[in-house]
Amino acid sequence: MNTRKMKIGFVGLGIMGSRMAANLLKEGHELVVYNRSIDKAQLLVDQGASVAKNVKDLATQVDLVFTMLSTPTVVRKTAAELLPNLRPDSWWVDCSTVNPSFSREMAQLSKTHGVNFIDAPVAGSKAPAENGELLFLAGGLEKNLKPISPYLDSMGKKTIFLNEIGNGANMKMLINLMLAQSMATFSEAIALGKGMGLHQELLLNIMTATPVVSPVMGLLKDRLVAENFDVNFPLKWIHKDILLALETAEEVGVPMPSLNQTEILYRDALDKDLGELDFSAIYKSLVI
Ligand SMILES: NC(=O)c1ccc[n+]([C@@H]2O[C@H](COP(=O)([O-])OP(=O)(O)OC[C@H]3O[C@@H](n4cnc5c(N)ncnc54)[C@H](OP(=O)(O)O)[C@@H]3O)[C@@H](O)[C@H]2O)c1
């Protein structure tokens, strides 16, 4: 396997991808970038990246590609341009949040092109992406992923190796369904507290000081008090993740009665045009 310094491609320069790519540059890696809205590449070009004309152009130049895209549909479309144009024995690391059966499908497709594929979704949002403190959930064995580990280390504080393709996506589904559920349950409790006549700030302070509440709510408390829903993780993408978790649950035959209800709550929030705000805007939908 290839252990020389690789030339890297990065496709998908949204909230997460732009920051991850910037950290690769900071560590001195040679980087080619591409994004559908190409203006988002400019900051990285100013920092030393080169920009590709399209996905095919990027693929022909690099040894290792990271994708950080919105949905499985977008990743599939990108793969169709990427895979036929990558050199055999190059690497594709998909960091997008997708469902595990989709990751396994991409692994199979990559194999037909002689490309090494790995699902490596991330835990951590905008700030950890910016600070190089993401947690990578890699669907492979540490010994097999040695050629790409240094590049993951440039963007994250740790990589958990989960042995098999699809296990990164499996873990990510679980983390995000817990995040979605705990945010919605917390918001509903605060709504009831308000309904019973308790003061909102008092409720937030007391509830987040108890062990029944997820630590994430404590991290979000000041933003909730200020009713600040500026986007770190778009609500529309956590709704996408709920749907992917439900699809996965159906594939493996596990009923998800509470997640089905939670999906309705986030769908309502989308209907209220809150999709571009932070996922915590479910609080706005349910409480304010
Ligand atoms: N934000 C977080 O906290 C967070 C944390 C962990 C994982 N994630 C996951 O990471 C992925 C990216 O999230 P993000 O927050 O960075 O989202 P984002 O800012 O909305 O970025 C989405 C990316 O996908 C591209 N894209 C969307 N539709 C496309 C299409 N039809 N064709 C080509 N490209 C398209 C966007 O290109 P344009 O710029 O042209 O729209 C952009 O590069 C998602 O899977 C998300 O669930 C997010």
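Please treat every number below as a calculation from the coordinates, not as lab data. Computed from a predicted model, the values in this text were never measured in an experiment. Glycine also receives a Cβ, built like all others from the backbone with ideal geometry; neighbour counts cover every protein chain displayed.
So which lysines can Lys284 reach, going by Cα to Cα under 30 Å and dropping same-chain residues fewer than 8 places off?
Lys40, Lys126, Lys172, Lys194, Lys221, Lys236, Lys240, Lys272
Highest mean first, how do 166-175, 270-279 rank when packing is the count of other Cβ atoms within 10 Å averaged over residues?
Sorting 166-175, 270-279 by mean packing, highest first, produces 166-175, 270-279.
Compute the Cα gyration tensor for the stretch 8-164, then decide on rounded, prolate or oblate, letting a ≥ b ≥ c be the square roots of its eigenvalues: rounded whenever a/c is under 1.5, prolate when a/b is larger than b/c in the other cases, and oblate in all that remain.
Taking the square roots of the gyration eigenvalues as a ≥ b ≥ c, the stretch 8-164 is rounded.
Sketch the reach of a paramagnetic label on Asn260 as a point 7 Å from Cα along Cα-to-Cβ, and name the residues of the stretch 231-245 whose backbone nitrogen lies under 18 Å away.
Inside the label zone: 242-245.
Below 8 Å, C-alpha to C-alpha, sequence gap of six or more: please give me the relative contact order for the chain in percent. Numbers along the way, then the final one.
Values: 511 pairs, mean separation 41.3, N = 288.
Once normalised by length, the contact order is 14 percent.
Going 7 Å from the Cα of Ala127 toward and past its Cβ, which residues in the stretch 247-288 have a backbone nitrogen under 20 Å from where you end up?
Counting only backbone N, you get 277-284.
Would you work out the relative contact order for the stretch 44-198, in percent, from Cα pairs under 8 angstrom that are 6 or more residues apart?
Relative contact order, the stretch 44-198: 18 percent.
For the stretch 170-286, divide the Cα radius of gyration by the Kirkwood radius and give the resulting Rg/Rh value with two decimals.
Rounded to two decimals, Rg/Rh equals 0.97.
Cα convex hull of the chain: how many Å³ per residue?
Working: hull volume 37.3 nm³, N = 288.
In the chain, the Cα convex hull volume per residue is 130 Å³.
Just to be sure I understand: of the beta bridges DSSP finds with both ends in the chain, what percent are antiparallel, rounded to 5?
10
Tell me, what is the Rg over Rh of the stretch 1-90, with Rh the Kirkwood radius over Cα pairs?
Details: Rg = 12.2 Å, Rh = 13.0 Å.
Rounded to two decimals, Rg/Rh equals 0.94.
Whole angstrom only: what separates the Cα centroid of the stretch 215-285 from the Cα centroid of the stretch 197-214?
Between the Cα centres of the stretch 215-285 and the stretch 197-214 lies a distance of 20 Å.
Give me the number: length gained by fully extending Glu142 to Leu270, i.e. 0.36 nm times residue separation minus the C-alpha to C-alpha distance, one decimal in nm.
42.1 nm is the gain from fully extending Glu142 to Leu270.
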